[in-house]
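The values are calculated or read from the model by the stated rules, or taken from the named source; none is laboratory data. Quantities reported herein were computed from a predicted structural model and do not represent experimental measurements. When we count neighbours, we look across all protein chains shown, and the Cβ atoms used for this are built from the backbone with ideal geometry, even at glycine. Just so you know, the surface numbers come from the protein's heavy atoms only, side chains and all, with ligands and any DNA or RNA stripped out. Shrake-Rupley method; radii C 1.70, N 1.55, O 1.52, S 1.80 Å.
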Amino acid sequence: MGHIAGDELLQQVAERIQMQLREVDMVARLGGDEFVVLMENVGHYEHAARVAEAVIHALSQPFTLCQSYDVVIGTSIGIAIHPQHGDTIEALMDNADTALYHAKDQGRGCFAYFSEDLTQKARERIVLESRLRRAIEQQELRVYFQPQIDIVSGRIIGAEALVRWHDPVEGCLMPSTFIALAEETGLIVAIGEWVLRETCKIGQQWLDKGLPPITLAVNVSPHQFRRSDMNALVAAVLHDTGFPAEYLQLEITESGLMDNQKHTASILNRLNKQGVHLAIDDFGTSYSSLAYFKYSPVDILKIDKTFIDNIPFLQGDMAITATIIAMAHHLGFKVLAEGVETPEQLTFLRKHGCDMYQGYLYSKAVPVDAFMKILTDTQM
Ligand code: C2E
Ligand code: MG
Ligand code: MG
């Protein structure tokens with residue numbers, strides 16, 4: 001199509017690449033049809049793959065040249081990371097070039113890292129991300145419920161809502177396989193919103209059926225605090241489902257509470273005013289002090305499973321557990337022990353005045369129907 005069309009294509013390619021980058025990133029044309037992108041402070045190595053995917057996608061759309069020809073081009077990208085793949089400019093450029101040849105070997109429209117295992121991991125994550133996006137749209141997520149038991153009366157007083165992903169191919173996937181990715185990509189906001197809405201909807205159905213009222217606990221990721229308006233979401237969900245605020249409890253991890261403290265505190269105070277209960281999840285795993293939570297509107301402290309695991313074998317963990325219970329009570333919190341698996345653990349917790357527990361000893365998290373059966377069989 002001649003030089004003019006070629007120049008125009010190069011210009012449009014450069015523009016589209018730039019559109020996918022931050023202000024601070026650098027794009028240069030090395031010569032011919034080769035460009036180089038330099039990105040500093042990418043954070044996680046996988047971020048480079050996400051940008052590569054975005055660039056490949058942007059360049060896969062047709063170009064119009066000289067206002068008349070439509071052309072389609074293919075893109076391959078090689079990635080080298082400093083310092084793993086070289087700590088001089090020459091070494092990085094050479095290794096990015098080698099990676100580019102690996103990418104081309106795989107066919108057009110691919111990226112590759114200089115090392116095979118990074119390429120593999122990054123590609124798997126990108127596939128998982130798009131499947132997860134689809135899972136939300138196609139209603140493949142489910143809420144399971146795990147009973148929470150009052151230690152003195154032995155009755156179910158609540159349940160924790162735990163998300164599961166029913167993938168049509170891989171079956172039931174646990175949160176450990178997808179929550180971290182959902183947090184990195186921001187998908188957690190949509191997932192968290194869905195879980196909250198679904199839980200309140202189900203809770204209201206149980207109340208309508210005349211089941212005894214129990215507290216439903218929903219996990220909230222710190223990302224939801226940062227990226228969405230939790231107060232507005234909770235208000236909307238309670239309004240839409242009719243579920244009473246007093247039966248809703250939000251679980252926030254200790255580490256989540258510690259970052260961005262001012263912002264988090266104001267959201268928690270408003271949630272408290274909205275009538276919702278608050279619990280600190282995984283307590284004991286971070287470096288926060290109990291005294292810090294003294295003035296926060298939290299009602300329940302959940303002692304992390306890692307402490308419970310070592311009862312009755314590790315004196316240290318038993319001392320910590322007993323101390324957390326005593327201190328929490330002095331500060332006016334209720335205490336729930338997570339991950340209780342043996343009668344010995346329960347005996348220890350009872351002896352030290354722990355208020356509630358959940359764990360495999362009583363039941364795993366189960367689907368809605370199974371939970372309803374447990375609730376009717378034991379409480380009615
Ligand atoms: P978590 O909130 O601390 O939930 C407790 C986890 O411990 C659950 O795992 C539960 O099934 C498991 N568990 C309970 N009792 C026992 C026991 O006796 N033994 C053992 N080995 N495990 C027990 P699960 O459902 O896999 O959830 C893992 C984590 O994923 C949760 O930890 C929570 O941080 C996160 N997660 C689950 N659902 C959601 C959600 O809807 N939103 C957000 N943001 N995170 C969620
Ligand atoms: Mg939890
Ligand atoms: Mg926990």
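Need a quick list: helices (runs of 4 or more DSSP H) entirely within segment 187-244 having at least 2 residues that are more than 22 Å from the chain's Cα centre (by Cα). So that I can check it myself, show each step before the final result.
Working: elements: 187-208, 222-227, 230-241.
Passing ranges, in order: 187-208, 230-241.
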Quiz item: Does segment 280-332 hold any residues that are touching a helix residue (DSSP H, G or I) at 6+ places or on another chain (Cβ under 7 Å), among the β-branched types (Val, Ile, Thr) and assigned to a strand (DSSP E or B), and which are they?
Solution: 280, 303
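Residue by residue, here is whether (1) modelled with pLDDT of 95 or more; (2) open to solvent by 30 Å² or more (accessible area, probe 1.4 Å) holds:
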| position | (1), (2) |
| --- | --- |
| 267 | no, no |
| 274 | yes, yes |
| 278 | yes, no |
| 327 | no, yes |
| 332 | no, yes |
| 337 | yes, no |
Quiz item: Pick from 296, 363: which is touching a residue at least 12 places away in the same chain (Cβ under 8 Å), among the polar types (S, T, N, Q), open to solvent by less than 20 Å² (accessible area, probe 1.4 Å) and under 23 Å from residue 248 (Cβ atoms)?
Solution: 363
Quiz item: If you take the residues in segment 97-152 that are at pLDDT 95 or above and of a type in the set (Asp, Glu), which one is farthest from the chain's Cα centre (by Cα)?
Solution: 150
Self-check item: Check on residue 112, away from ligand 3 (no atom under 16 Å from the Cβ), crowded, with 20+ Cβ neighbours inside 10 Å and outside any strand (DSSP E or B)
Solution: no
Quiz prompt | Among (1) assigned to a helix (DSSP H, G or I); (2) at pLDDT 95 or above; (3) open to solvent by 40 Å² or more (accessible area, probe 1.4 Å); (4) not polar (S, T, N, Q) - the single one residue 262 does not satisfy | solution = (2)
Practice problem: Please work out which one of (1) at pLDDT 95 or above; (2) β-branched (Val, Ile, Thr); (3) touching a helix residue (DSSP H, G or I) at 6+ places or on another chain (Cβ under 9 Å) is the condition residue 177 fails and give its number. | Solution: (1)
Quiz item: Within segment 208-218, is there a residue that is within 11 Å of ligand 1 (Cβ to nearest atom) and either touching a helix residue (DSSP H, G or I) at 6+ places or on another chain (Cβ under 7 Å) or under 12 Å from residue 132 (Cα atoms) (or both)?
Solution: yes
Practice problem: Please give the number of the condition residue 243 fails out of (1) open to solvent by 40 Å² or more (accessible area, probe 1.4 Å); (2) closer than 22 Å to residue 302 by Cβ. | Solution: (1)
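Can you name every residue in segment 333-348 that is within 20 Å of residue 297 (Cα to Cα) and away from ligand 2 (no atom under 14 Å from the Cβ)? Reasoning before the result, please.
Just the residues of segment 333-348 that are within 20 Å of residue 297 (Cα to Cα), to begin with: 333-337.
Those that are within 20 Å of residue 297 (Cα to Cα) and away from ligand 2 (no atom under 14 Å from the Cβ): 333, 334, 335.
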